[in-house]
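A short worksheet on the structure shown next.
The values are calculated or read from the model by the stated rules, or taken from the named source; none is laboratory data. Bear in mind that the values here come from a model prediction, so they are computed numbers and not experimental data. Don't worry about glycine lacking a Cβ; one is built from the backbone with ideal geometry, like all the others, and counts go over all protein chains shown. What goes into the accessible areas is simple: the full protein's heavy atoms, side chains included, and nothing from ligands, DNA or RNA. Shrake-Rupley method; radii C 1.70, N 1.55, O 1.52, S 1.80 Å.
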Number of protein chains: 2
Amino acid sequence: MPPTTDSASIPIETLSISEVCNRLGITAHTARYYERIGLLHVGRSPSGRRVFDQRAVDRLDFLVRMRSSGMGISELTRYVDLVNQGESTTPERLQIMRDQRQRIIEQIRDLERALTATEYKIAVYGGAPDDTSHSPKGHHS
Amino acid sequence: MPPTTDSASIPIETLSISEVCNRLGITAHTARYYERIGLLHVGRSPSGRRVFDQRAVDRLDFLVRMRSSGMGISELTRYVDLVNQGESTTPERLQIMRDQRQRIIEQIRDLERALTATEYKIAVYGGAPDDTSHSPKGHHS
DNA sequence: CCTTGACTTCGAGTGCACTCAAACCTCTAG
DNA sequence: CTAGAGGTTTGAGTGCACTCGAAGTCAAGG
């Protein structure tokens, strides 16, 4: 954890790299990698350790969500660069997010098709083709 | 296309690799790769070209759906091997499909979270939070 | 016959996103 | 003081799933 060295008695809400990564479901390696390539900036404690404030956590969370929905590192880099360039870049950022939304919707559709195929197989293997709840063979789940 | 050399006049419903791949949204390279690693078997015309019958198309379609929903090549190989081993392997196949279903459901949940985050950004950049069609700023789609 | 374009094989190459190794530092507990 | 857990840096390595290149074959059109 970040140092307990509170000179003041204010409870500062910061997290260590492992705490953040546990919450977000990524490894510390990945978080360091993202920082290395410029996707986020993280402060340091006096001893050089990363200190994640709310802003850094939120940014990392955003990065994880975009990655998990198929945005590539290069597009994410582009987006972050636009953010750093200021307000004038909102139109392009908006476009990136709209493209991303479209991709996510398509991915969900694909997954739903795959889910249908998978449930069909489960029905075939697990019991009668029209039976998905009280199959004669499989009886758990 | 497969040869028009019909000795009989029966309209044989087979497809060339490019026709199949166009329908399924993959490249011919990928289909050949899947065949090479044993995920499907495809017949050949007298001149050595791949001839996809309904069975081969269905198999490839299944492979594509499983891949698109995150099943790895190695697990897909395992599954196909089980199918080739016959009926006695249905319990393990069932388990693989149940695991797959679970993964798909989790992926859909993740994507829905990402979609929420994305739509939030769109609302922030694009104007009013409840406005998705007639944005006041962005005007070149 | 000749060209064109889609197909064949095989091995090798590519891109992406991590993932790890090594050597070092620092804090806390015993 | 010592051990051990967890942190730091850099550059290099890994795994996955394609993706491509090269050289050749084949069928149809002009």
Item to complete: Specify the inter-centroid distance of the stretch B:47-80 and the stretch A:89-115, based on alpha-carbon positions, in whole Å.
Response: 26 Å
Response to the item:
at B:G25 the sorted inter-copy label distances (label 7 Å from Cα on Cβ side), in nanometres, are 2.3
Worksheet entry | Pairwise label distance in nanometres, A:H29 with B:T77, each label 7 Å out on the Cα-Cβ vector | 2.2 nm
Response to the item:
With one decimal in nm and the nearest listed first, the spacings from B:R55 to its own position in the other copies, using label points 7 Å along Cα-to-Cβ, are 6.4
Fill in: Closest approach to the axis - chain A beta-carbon, rotation onto B, Å
A:I108, 3
Item to complete: Between copies, how far apart are the B:E106 label points? List them in nm, one decimal, shortest first, with each point 7 Å from Cα toward Cβ, please?
Response: 2.6
Worksheet, complete the sentence: Under the 7 Å Cα-to-Cβ spin-label approximation, A:I105 and B:T89 lie apart by a distance in nanometres of 4.0 nm
Worksheet item: In Å², rounded to the nearest 100, what is the total accessible surface buried by chains B and A against each other with a 1.4 Å probe?
Response: 3200 Å²
Discussion item. Residues of the stretch A:75-99 that become at least 10 Å² less accessible with every protein chain present than in their own chain isolated, using 1.4 Å: which are they?
Written reply: A:Y79, A:T90, A:P91, A:R93, A:L94, A:Q95, A:M97, A:R98
Practice prompt. May I ask you to give the percent of accessible area on the stretch B:11-68 that is carbon plus sulfur, with a probe radius of 1.4 Å?
Written response: 48 percent
Worksheet item: Accessible area per residue, 1.4 Å probe, Å², for the stretch A:17-68: what's the number?
Response: 60 Å²
